[in-house]
1. List the residues, sorted by chain then number, that are 5 or more residues from ARG107 or on another chain and whose placed amide H is less than 5 Å from its amide H.
2. Within a 10 angstrom radius of the beta carbon, how do VAL164, VAL133 rank from fewest other beta carbons to most?
3. Against the 2.2 N^0.38 Å scaling, with N counting residues, where does region 88-164 land? I'd like the Cα-based Rg ratio to two decimal places.
4. Packing-wise, with mean Cβ within 10 Å as the measure, how do 49-57, 141-149 rank, highest first?
Amino acid sequence: MDDDTRTLAPSSAFLDLYWIPLGAGNRVVQFSGRTFETIAAKWTRRPPCDLYHTALVATLGTDEYFIEMTPVPGASRAPLDRGVVAVGAVGTAWARRLRVFRYEIRRWRNGTIPDLAAAVGDPVRVSNEERHVAAVLDAVPGVPTPVWGRDELRAGEMWNSNSVVSWILTVSGLVDDVGGPPHGGRAPGWDAGIAVASRPRVSRRQDWRTEEET
């Protein structure tokens with residue numbers, strides 16, 4: 001923290017995790033997700049589950065930081081305006097030059113997550129300690145950016161938005177405080193993030209204040 005940063009009261013630092021039904025507000029994604037889960041359930045001989053993706057909201061004082069992986073939108077806003085800290089390819093690396101085949105990782109101060117209202121139940125309060133919230137914000141720019149939907153990092157399952165969230169929570173020492181998805185649900189990619197974050201790595205940590213407060 002900067003020397004001139006005021007001391008935060010315990011109640012002004014929160015980290016919340018949201019379980020959002022896959023494809024909330026997007027029928028194409030909903031259909032694709034159901035199809036994928038039906039095939040996966042038959043292959044593994046288990047009942048199909050509801051699929052979820054996750055997002056984090058970190059609160060420090062009067063600011064909220066919205067952390068998620070999301071498709072790259074149109075050019076209506078500059079990347080820094082929406083807190084973009086990393087970009088990756090969707091489906092295949094060669095198509096990365098096309099906007100529709102790129103994803104971005106956001107740490108958006110006082111931003112928004114469009115489908116947050118569709119989250120199931122209350123958010124999971126992961127922590128209300130400033131040091132934990134700051135550690136999570138600091139970790140976001142170091143998230144790996146392999147191709148979405150593939151297992152380039154050999155973690156045993158595809159890399160996606162759940163992988164990003166579980167990676168951040170693992171390197172911050174908080175993943176065990178989350179618990180699992182809602183009853184009857186599954187979060188594909190979650191274990192991949194934990195597996196990759198648990199490996200020895202070269203730190204790429206970046207001060208989370210730099211691009212947003214300077």
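1. Counting only residues 5 or more places away or on other chains, the set is VAL84, VAL85.
2. Ascending Cβ contact count within 10 Å gives the list VAL133, VAL164.
3. Rounded to two decimals, the normalised Rg is 1.30.
4. Top to bottom by mean Cβ count within 10 Å: 49-57, 141-149.
The numbers here are math on the coordinates, done by the rules we state, and not lab data. What you see is a predicted model, and the numbers here were worked out from it, not measured in a lab. All Cβ positions, even for glycine, are placed from backbone atoms using ideal geometry, and neighbour counts span all protein chains on display.
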